[in-house]
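Colleague: Okay, here's the structure, questions in a sec.
The values are calculated or read from the model by the stated rules, or taken from the named source; none is laboratory data. Keep in mind that this is a model prediction, so the values were computed, not measured. Cβ: placed from backbone, ideal geometry, glycine included. Neighbour counts: every protein chain shown.
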Amino acid sequence: MALGATIITFTVQLADVDRGVYEELALRVARHPSETEAYMMTRLLAYCLEYEEGIVFSDGISQTDEPAVLVRDMTGRITAWIEIGAPDAERLHYGSKLADRVAVYTHRDPAKVAAPWTGKKIHQAEAITLYSFDPGFIDDAVRPLERRNDMTVSVTERQLYLELNGTTLSTEIHAHPVVAPAL
């Protein structure tokens with residue numbers, strides 16, 4: 001018998017000064033048994049950092065033709081394709097052809113994540129941004145995780161301040177452009 005997803009709830013106070021987004025979110029995040037806590041935390045932070053009307057967590061791991069997070073407009077068209085971790089070049093190419101904007105958030109070494117993309121065909125690669133956090137930030141952020149969580153996410157000048165269940169952390173949000181491949 002296969003294990004089901006674990007539901008983890010978050011009450012999030014979001015204050016993204018850089019984008020003028022201020023929201024209180026009640027999120028239920030389904031953590032698939034094969035998903036690490038680091039991946040789930042990166043997915044949650046990407047959701048907060050990309051928050052806008054129409055954003056949703058996709059079925060992700062079980063839905064291979066969608067990214068972990070996506071944004072749809074009122075007509076159902078995908079406007080933002082947000083990958084987590086280390087997607088391959090083919091997924092980025094596919095997502096870039098479907099959506100107006102593509103972003104990747106990783107909890108891994110960004111140089112190692114981007115290395116396999118070199119020389120591969122990626123539609124509008126120059127418009128894709130790879131985001132990462134300071135080394136060790138995500139590992140520190142998963143330590144205070146519980147089944148029910150109170151979280152504050154504040155962003156100003158690309159600096160992320162996170163308070164999770166009484167633990168306070170901060171990191172720079174590093175943006176790495178995806179260089180257009182040499183074909």
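Colleague: Here is a list: Ala127, Ala68, Ala80, Ala111. Which entry is closer than 26 Å to Thr171 by Cβ and within 11 Å of the chain's Cα centre (by Cα)? Can you show your working first?
Modeller: Details: Ala127 fails: within 11 Å of the chain's Cα centre (by Cα); Ala80 fails: within 11 Å of the chain's Cα centre (by Cα); Ala111 fails: within 11 Å of the chain's Cα centre (by Cα).
Matching residue, one of Ala127, Ala68, Ala80, Ala111: Ala68.
Colleague: When you go through Val104, Val71 one by one, which is the residue that is at pLDDT 95 or above and more than 25 Å from Asp139 (Cβ to Cβ)?
Modeller: Details: Val104 fails: more than 25 Å from Asp139 (Cβ to Cβ).
Result of the check over Val104, Val71: Val71.
Colleague: Does Glu52 qualify as being under 18 Å from Val153 (Cβ atoms) and modelled with pLDDT of 95 or more? Steps first, answer last, please.
Modeller: Working: under 18 Å from Val153 (Cβ atoms): yes; modelled with pLDDT of 95 or more: yes.
So Glu52 passes the test.
Colleague: Here's something else I'd like to know. In region 135-183, what count of residues is obtained for those that are over 17 Å from the mean Cα position of the chain (by Cα) and at pLDDT below 95?
Modeller: Here the count works out to 5.
Colleague: Working carefully through the options Tyr47, Tyr94, find the one that is surrounded by 22 or more Cβ atoms within 10 Å (Cβ to Cβ) and either charged (D, E, K, R) or out of contact with any helix residue (DSSP H, G or I) (no Cβ under 9 Å at 6 or more places or on another chain) (or both).
Modeller: Numbers: Tyr94 fails: surrounded by 22 or more Cβ atoms within 10 Å (Cβ to Cβ).
Criteria check complete, one pass: Tyr47.
Colleague: Next up: Hey, does region 68-75 have a residue that's closer than 22 Å to Val178 by Cα and assigned to a loop (DSSP other than H, G, I, E, B)?
Modeller: Let us first name the residues in region 68-75 that are closer than 22 Å to Val178 by Cα, namely 68-71.
Subset that is assigned to a loop (DSSP other than H, G, I, E, B): 68.
Yes, region 68-75 contains a residue that is closer than 22 Å to Val178 by Cα and assigned to a loop (DSSP other than H, G, I, E, B).
Colleague: Which ones in region 1-45 are assigned to a strand (DSSP E or B), at pLDDT below 95 and polar (S, T, N, Q)?
Modeller: Answer for region 1-45, where residues must be assigned to a strand (DSSP E or B), at pLDDT below 95 and polar (S, T, N, Q): just Thr6.
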